[in-house]
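These notes are about the structure you will find just below.
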Amino acid sequence: MHRTLITWLQAAPLAVILLGFLVAPIIMIVIVSFWGATEFSIYPDFQLENYKFLFSSPVTYKVFFVTFKYAFITWALTLTIGFTVAYFLAFHIRSQTTQIALFLLCTIPFWTSNIIRMISWIPFLGRNGIANQTLISWGVIDAPLDWLLYSDFSVILAFVHLYTLFMVVPIFNTMMRIDKSLLEAARDAGASGFQTLCHLIIPLTKPGIMIGSIFVLTLVMGDFITVRFMSGSQKANVGRLISNDIALLQYPSAAATAVVLLCTVLIMIAIMLRFVNIRKEL
Amino acid sequence: MEKRPRSFYVLASFFGLFILFLYGPTLTIAILSFQGPKGGLTFPMNGVSLHWFRDLFEQQAVGDIWGAFRRSLLLGFMVMITTVVGSVMAGLAFRKRFAGSSVLFYLAITSLVIPSILISLGVGLIFNQLGFRVHWATSGFGSQLTWTLPFGLLIMFAVFNRFDKSYEEAARDQGASSWQTIRFVVVPIIAPSLIGVALFGFTLSYDEFARTLLTAGSYNTLPLEIFGMTTNVTTPVIYALGTLTTLFSLGVIGFFLLTFWLIGKRRARFGSDAGKGL
Amino acid sequence: QEIKDITLRQFGTGVSNLNDVANKVKEDLGFTLAMTALDSDSVTQRAATQPDSFDIADIEYWICKKVWPTGNLQAMDTSKIANYDKIVGIFKSGKLTPESEIAQGTAPHSVGFVDGPDGNSFADEETGWMTLIPTIYNADTLGIRPDLINRPINNWSELLNPEFKGKASILDISSIGIMDMAMVCESMGEIQYADKGNMTREEIDKTFAIFTEAKQNGQFRAFWKSFDESVNLMAAGEVVIQSMWSPAITAVKSRGIPCVYQPLEEGYRSWGGGIGLSKSLSGMELDAAYEYINWYLDGWVGGYLMRQGYYSAVPETSKNHMSENEWGYWFEGKQATGDITSPTGDVLAKAGETRDGGSFYDRMGSVACWNAVMDENQYMVRKWNEFIAS
Amino acid sequence: MRTGYDLELVHLTKRYGETVAVRDLNHIFNAGSYVCLLGPSGCGKSSTLRMIAGHESVSDGSIVLDGLDVSHLPPAKRGTAMMFQNYALFPHLSVRDNVAFSLRMKGVDKPTRYGQANELLELVDMSDYADRLPDQLSGGQQQRVALARALITKPKVLLLDEPLSALDPFLRVRMRAELKRIQRELGITFIHVTHGQDEALALADVMVVMNNAVIEQAGSARDIFNAPRTEFVARFMGGHNVISLDGSKVALRADAVAMADHGLSATVTGVEFQGAHVAMTATTEGGEEILALLPEETFYHSPKNPGDVVSLAWDEGRLHRLQA
Amino acid sequence: MRTGYDLELVHLTKRYGETVAVRDLNHIFNAGSYVCLLGPSGCGKSSTLRMIAGHESVSDGSIVLDGLDVSHLPPAKRGTAMMFQNYALFPHLSVRDNVAFSLRMKGVDKPTRYGQANELLELVDMSDYADRLPDQLSGGQQQRVALARALITKPKVLLLDEPLSALDPFLRVRMRAELKRIQRELGITFIHVTHGQDEALALADVMVVMNNAVIEQAGSARDIFNAPRTEFVARFMGGHNVISLDGSKVALRADAVAMADHGLSATVTGVEFQGAHVAMTATTEGGEEILALLPEETFYHSPKNPGDVVSLAWDEGRLHRLQA
Ligand SMILES: Nc1ncnc2c1ncn2[C@@H]1O[C@H](COP(=O)(O)OP(=O)(O)OP(=O)(O)O)[C@@H](O)[C@H]1O
Ligand SMILES: Nc1ncnc2c1ncn2[C@@H]1O[C@H](COP(=O)(O)OP(=O)(O)OP(=O)(O)O)[C@@H](O)[C@H]1O
Ligand SMILES: NCCCCNCCCN
Ligand SMILES: [Mg+2]
Ligand SMILES: [Mg+2]
């Protein structure tokens, strides 16, 4: 029918791009994960070697564990911070102009380069960086704190710095759509501020929390560059494992790791999507 | 003014700290970019000068910042336009039911959550196996779209969720064809959101690193160049670059805000009876 | 087509992909050289997987060992290289002087020649067909911050000395890093390698065991991938001892921070780089490429590189582009008679100072091993990955 | 009023999946009449209107306008125009551009279309606001603009879906007089969907009462009010009592019920003051609820309160038998 | 009705920046009465109500309930409860949980609070829907739930802000009877904000007409309708003509105007059928517009159309002098 055809045509650009640059690459990765590799090239094959190595190496489990650890801690922190900030903006700022201005203030760094934002931590956290110098001059510490940089701490700090906005934005959006009269109704029913938060605001903000969580979790789980930068190459997550393999031309091995990572992420997201209808909540 | 509860002050302080956290490092490098000619990447400051900004406009020992900037700008515009057009079209399509719509939707979600490096890897592999040449304007462009298009699509869902269908019916009633309806009614009404999509498309591309890493080919885009610089450059020129890019972003946002403000002012010209019982 | 319309795309590490070179090429030869600087891994990757993305590959010899078999490069006819005869012996016979011993690892000459224009396997001696035209090389050792260490350092084993816990670093490039590790382990007396450049699995395991333990004990501050990172680590005081490259030391010093390129008893770990041509290069572009190579070996670049602390493959021609003071300081290991400046004009040494490690022959004569790609490379690479992730 | 008929619905049916929204409607709307389509929520009013307008496809049957089957024509080709409930004014266009929109779509040049738009703005008394944007207008002003926009296509039939529901009660009464005036001036058919009985009574030349996807009764407002055909219509129109008498149902207008010394005894359950009248509800011993609309003076002569027992009486001639 | 007074507003004032939304209100609401707060949009009704509820701070003056100044107590401590315009039901909670919400906040255990919630759902006849979520309910059903939720706190005063405006006219009439019934059963004070005059007339024991931030008139519905004090009240209540007579204004009820053989001659401008009555507007030669509410039979005995000239007459005794 004519109208269906038009609809398909409208969906075509998206479909074509996704087929060419998402589906095909995924298929390719799956295929290549069964291939073999030499020092310098890959050759078609069907071998389970890559998976065997992956699942037999204790490093794999360790790295997956680290990946989850980063994801979880970052998620918990960005959620706490993001929720608090969004809550403050949505419910404590009365003038809409101020609200918009402060919200913009939060989002501006989001529009600037991630890499620049990341490296800007280095002069701050280094052994002779501002943080250490300040703490020493205040007499809080005698010797520089080494764990400020090139550590789990700095990795997570950078993640939180980069990705909290992905929490603030959807949570703030959902909060802004909460009918203010619901809050009055709760107050009318004698709910304290804390009770209103627990029984009303958190449940009603769930969709925003879910969307933010999906973004943060996937960004952290797929990251390889932040971990490399902020840990001084000393830590590894799955992304780095893949990128190291790629760097060393071990594509089949990278592909196998990628397949496992992809499945992990997709399963997580599938579970999360059960709790929120993204299309309706936007 | 009504009295504020104590929680307000606690939260306001928290918010202040958060802003400090967001901006602190950027300010740090902004300060460091004014190092003297002998200054390094870290404190203490070694003199104060505009040396590194001047340096930025001269050729660097390695690399080609301005070439990368031009490519990123061009790629950003390509991605921006494709994203706007593609997501509007897809958004229109998704308003109707069509065979494959839910598959496409889940693909878009997958595209959004898939670790970027996998796109980079997969696209690189395919181009390689098919014997195509990777180039920022082909493979890089496509790879970036897998991130910006779904993003744009989600925004379009949000837009069309709030879009009153009766506008279109009114247009059809007034004799507009389907195309005229889109051209003269739908697009102008959603235009402000499209500016948002465009801004997203542009900056997501302008700043995209992971998806371009293995798909950009011979010539670096700006993020790749900056990344290269972080390993190749040992001078505060990189901070000068960071400061400039940040200022550039601020300029872009300021421009949009100013535009909205001016439009608002122009509209207020004729006064308003809105909300009055007339 | 005119020569000035030709653009050759060259990529390589930041070490030698210098815009000054491209500018000079434009000036002297008329065509355009488009430079892309990448880290070592990206360089390998691009050379091996994106043959269409370059015309000229500025790579290291051990990378060549990986890349050559892909067929992405074409062999070069030495008869078209004007200064071929003047290229130092290291790249031809493997010997610096006739009496030198060939060091362990992937020595440049061992991957420098193939049988003919379409040769697949490396030849043992000069054949007239080169894989890479040598351009730049050096002998690496540990760099230290004497002001923060305050005592002499004489052995590779010092890298793992607990005294420097949290203040040491090595590089995260497996083929290079593994050689540094081997130097350290040997110096510690922990392992006696049959051939550091071609370890057995047991040797590899043992080496990583030692380093993994050190890593877990917090010996390392960070790992670095490009020499500039090493500069930043050293200059910022994050690290006081690390495997380092010569110009990195120079860069630290040029900021007024004391830094020594420390000669060690066990000798140096050496590396060499060269220029390779893409298989697809032909016609005028190919001619231009040869022209470029000849120009490269003609001395201007050599002088430029030497002033950074590297060595040129054809030292004689470089001499013409250097002052006597410079030549004496950089090549002969003599005291400087005046200020020694970098190509960008920074003062690196004042009159009376000498170069760490002495003359060209002292330094290149005590090379213990070359960066290597070993038979068990794939195994080693996996272990390396594990080490980084551990 | 012409004698020829103009808009005809023939076996018109609309199904949404399983739901039948409009079932086999047959009706002729006289040209130039003000028709109100009235009925409870979900009875199919909007669906009917939207099928006439062409915004909803016809599942079965046809729509004939001026002798031409328009069931499958696009909206703009039918000779109808629609005014939407929330007006659907294009927010990015000025009032004048909104009104001139359909001419622009036809490619009419600017001076001509602005000329016509200005005429229509004159008609709805909005000339002074031609340069404003819709959201700078009050509800009533927006409504006038929407009307002007609908009329510029010179439709034979104007379709209005709850045009007054977004206005406050005060304004609603004013705007409905306006609508009626304009309809009379132009002499075209207005089909106006509402679920307000008073609105329909006040406006309609012809009222069409729908329920459960079918037309329950159609006729002049007075006919319907005075002679509801079914219990549903009687109850829905309000102001009627439905009483069981001899096994069948009869309607009795509430203003026909009076308090008397002798009559049906009933207990007062509610008293609502309505200005000129008082609406008193009382329950008979038989359990039937009866509404009496009593003139204010009469009632307050001897006011009653809930719980009081009263005697109710009426003129038998006012009883009106209902269909089952 | 008790004699003691219960809710008192003393010099109550609300300012938003420059705007004075409520100016120096003084009023006593009798306990147990059904009060309607009536007035045009923006006159300060909601602000007044929300100050009483505690959702808006008092700028000046105080609110005294049962002898206690509650002006600065939190909403839940005042003995008031509010029913919101769009009901503000918690969308994520079932009907039962909505109703039991305030008990849950107090820490009442589940069986007890569900027991009480069920009782209230019984009262509003919603027991069958206890497990549904709010958006699975129709407007009228939601309204009942909101009512039950407000009542579970056993308030002395229930505050309702336009509780019926979201409903369709049919339902509105039914629900208002329901509200009145429940108010009477519970015997507590209801303060009901509306801008529908008929709604206020029908429900109110006491009507408070506001305009421009002040109370224009308060009293029983009948008093206000029969004796509007100002021109504003007369016009706002509707059903009145305001005529200039000897330089001052008088009000004349529309149902007091009749057609006569001799009288004021006027030209008919509009005729609206209203069921039992016909509302006829006519313009006198002096240019004054007069509304006559004529019994249907009388009118249709000799029906008039716009343009006809009629003679209007009334009993001089029905003229009611207005304050300036
Ligand atoms: N697009 C649709 N899809 C499915 N069912 C629909 C659709 N539109 C209407 N219906 C159903 O058709 C029936 C008639 O709807 P319609 O909108 O015509 O009623 P209405 O009389 O206009 O009601 P209201 O007074 O509430 O506007 C209803 O049961 C409704 O639920
Ligand atoms: N939060 C506020 N900030 C500023 N002004 C306000 C605010 N709330 C109300 N006002 C102003 O106070 C006045 C009274 O408003 P209020 O809401 O009490 O009127 P209302 O009688 O309830 O009107 P409506 O019938 O439209 O609901 C209006 O002029 C309004 O614009
Ligand atoms: N809002 C988009 C601005 C771009 C900021 N960086 C996000 C990077 C994700 N790859
Ligand atoms: Mg409808
Ligand atoms: Mg209000």
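What to note about this one:
- Principal-axis analysis of the Cα atoms of chain D puts helix D:139-151 at an angle of about 60° to the longest axis.
- Straight-distance crosslink candidates among lysines, where the alpha carbon sits under 26 Å from E:K77 and sequence neighbours closer than 8 are dropped: A:K180, B:K3, E:K14, E:K45, E:K106, E:K110, E:K154, E:K156, E:K180
- Structural descriptor for chain C: relative contact order 22 percent, calculated from alpha carbon pairs under 8 angstrom and at least 6 residues apart.
- For chain E, a crude dipole built from +1 on the beta carbon of Lys and Arg and -1 on the beta carbon of Asp and Glu, taken about the Cα centre, is about 1360 debye to the nearest 20.
- The residue among C:Q74, C:M188, E:L151 whose Cα reaches farthest toward the positive pole of the charge dipole of the protein assembly as shown, with charges on the beta-carbon of Lys, Arg, Asp and Glu, is E:L151.
- Whole-Å distance, taken between Cα centres, linking the range D:11-34 and the range C:290-309: 91
- Summed buried accessible surface, chains B and D, 1.4 Å probe, nearest 100 Å²: 2600
- Rounded to the nearest 20 debye, the dipole size of the range D:73-190 about its Cα centre is 460 debye, using +1 on the Cβ of Lys and Arg and -1 on the Cβ of Asp and Glu.
- Projecting the Cα atoms of C:G283, C:T317, C:G328 onto the charge dipole of the range C:239-340 (Cβ charges, centred on the Cα centre) puts C:G328 farthest toward the positive pole.
- With protein chains left intact and a 1.4 Å probe, residues in the protein assembly as shown average 39 Å² of accessible area per residue.
- Sites A:R3 and D:V64, calculated FRET efficiency, Cβ-Cβ separation with R0 22 Å, nearest 0.05: 0.30
- Between E:A251, E:T267, B:I109, the Cα set farthest toward the positive side of the dipole of the protein assembly as shown (charges on each charged residue's Cβ, about the Cα centre) is that of E:A251.
- Folded to 0 to 90 degrees: helix E:110-123 orientation relative to chain E principal axis, Cα: 20
- Greater than 29 Å apart at Cα, pairs in C:K24/C:K86; C:K196/C:K334; C:K66/C:K196; C:K165/C:K383: C:K196/C:K334
- The range D:244-315 - percent relative contact order, Cα under 8 Å, separation 6 or more: 40
- Take E:250-259, E:146-155 and order them by the average number of nearby Cβ atoms within 10 Å per residue, most first; the result is E:146-155, E:250-259.
- Positions from the range E:45-74 whose accessible area shrinks by 30 Å² or more when the full protein complex is built, not the chain alone, probe 1.4 Å: E:H55, E:S57
- Proximal charge balance of B:L112 [Cβ under 14 Å; K/R count +1, D/E count -1]: +1
- Shielding value for C:169-178 is 2, the average number of Cβ atoms from other chains within 10 Å of each residue's Cβ.
- Shielding by partners, peptide B:209-218 (average Cβ within 10 angstrom, other chains): 5
- Under 5 Å between amide hydrogens, built in the peptide plane, is the criterion, and for E:G270 it picks out E:T281 among residues at least 5 positions away or on other chains.
- Helical segments meeting 24 Å axial Cα length and Kyte-Doolittle 0.5 threshold in chain B (DSSP H): B:6-32, B:65-94, B:141-161, B:187-206, B:237-268
- Packing, taken as the mean count of other beta carbons within 10 Å per residue, orders the peptides C:119-126, C:224-231 from highest to lowest as C:224-231, C:119-126.
- Pairwise label distance in nanometres, D:T284 with D:H27, each label 7 Å out on the Cα-Cβ vector: 3.3
- Shielding of peptide C:36-48 by partners, expressed as the average count of other chain Cβ atoms within 10 Å per residue Cβ, is 6.
- Relative contact order (%) - the range A:59-281, alpha-carbon pairs under 8 angstrom, separation at least six: 27
- Computed 3J(HN,Hα) for the range A:182-187, one whole-Hz value per residue from the Karplus formula 6.51 cos²θ - 1.76 cosθ + 1.60 where θ = phi - 60°, is 5, 5, 5, 4, 5, 5, glycine and proline marked x.
- Burial here means at least 40 square angstrom less accessible surface with every protein chain in place than with the chain by itself, probed at 1.4 Å; in the range A:123-153 the buried residues are A:P123, A:R127, A:N128, A:I130, A:Y150.
- Taking amide H positions as modeled 1.01 Å from N, with prolines and chain starts lacking one, the residues under 5 Å from C:K334 and 5 or more places away or on another chain are C:Y329.
- 3J(HN,Hα) couplings calculated from phi for the range C:255-270 with the Karplus curve 6.51 cos²θ - 1.76 cosθ + 1.60 (θ = phi - 60°) are, in sequence order, 8, x, 9, x, 7, 10, 8, 7, x, 10, 4, 6, x, 9, 9, 10 Hz; Gly and Pro show x.
- Buried solvent-accessible surface, both chains (A, E), 1.4 Å probe, Å² to nearest 100: 1600
- Rounded Å value of the spacing that divides the Cα centres of the range C:173-195 and the range D:76-126: 85
- Using the Cβ-Cβ distance between D:D308 and E:S244 with R0 set to 56 Å, the FRET efficiency from 1/(1 + (r/R0)^6) comes to roughly 0.85.
- Prolate/oblate/rounded label for chain C (Cα gyration tensor, a/c 1.5): oblate
- Helix E:169-186 vs. chain E, principal-axis angle (Cα, 0 to 90°, nearest 10): 60
- Net charge contributed by nearby residues that have their C-beta within less than 9 Å of D:M210 (K/R +1, D/E -1): 0
- Amide H to amide H distances under 5 Å link D:L159 with D:A81, D:M82, D:M83, D:I191, where only residues 5 or more positions off or on other chains count and H is placed in the peptide plane.
- Chain C: calculated mean residue ellipticity at 222 nm from DSSP helix runs of at least 4, using -39500 (n - 2.57): -9500 deg cm²/dmol
- Sites A:W138 and C:S280 - FRET efficiency at Förster radius 56 Å, r taken between beta-carbons, to 0.05: 0.35
- Share of carbon and sulfur in the accessible heavy-atom surface of the protein assembly as shown [1.4 Å probe, %]: 55
- Rounded to the nearest 20, the Cβ-based charge dipole of the protein assembly as shown about its Cα centre (Lys and Arg +1, Asp and Glu -1) stands at 1780 debye.
- Per-peptide average of other Cβ atoms within 10 Å, ordering E:234-241, C:160-167 highest first: E:234-241, C:160-167
- Surface burial for A against B, with a 1.4 Å probe and both sides summed, reaches about 7800 Å² of accessible area.
- Global dimensions of chain A from alpha-carbon coordinates: Rg and Dmax equal 23.1, 78 Å.
- Across the range E:60-66, computed HN-Hα scalar couplings (Karplus, 6.51 cos²θ - 1.76 cosθ + 1.60, θ = phi - 60°) run 8, x, 8, 10, 10, 10, 6 Hz from first to last residue, x flagging Gly and Pro.
The values are calculated or read from the model by the stated rules, or taken from the named source; none is laboratory data. The shown structure was predicted, so the numbers you read here are calculated from the model rather than taken from an experiment. Methodologically, a virtual Cβ is constructed for each residue, glycine included, from the backbone with ideal geometry; neighbour enumeration extends over all protein chains shown. Heads up: the accessible areas ignore ligands, DNA and RNA and are worked out on the full protein's heavy atoms, side chains in. Shrake-Rupley method; radii C 1.70, N 1.55, O 1.52, S 1.80 Å.
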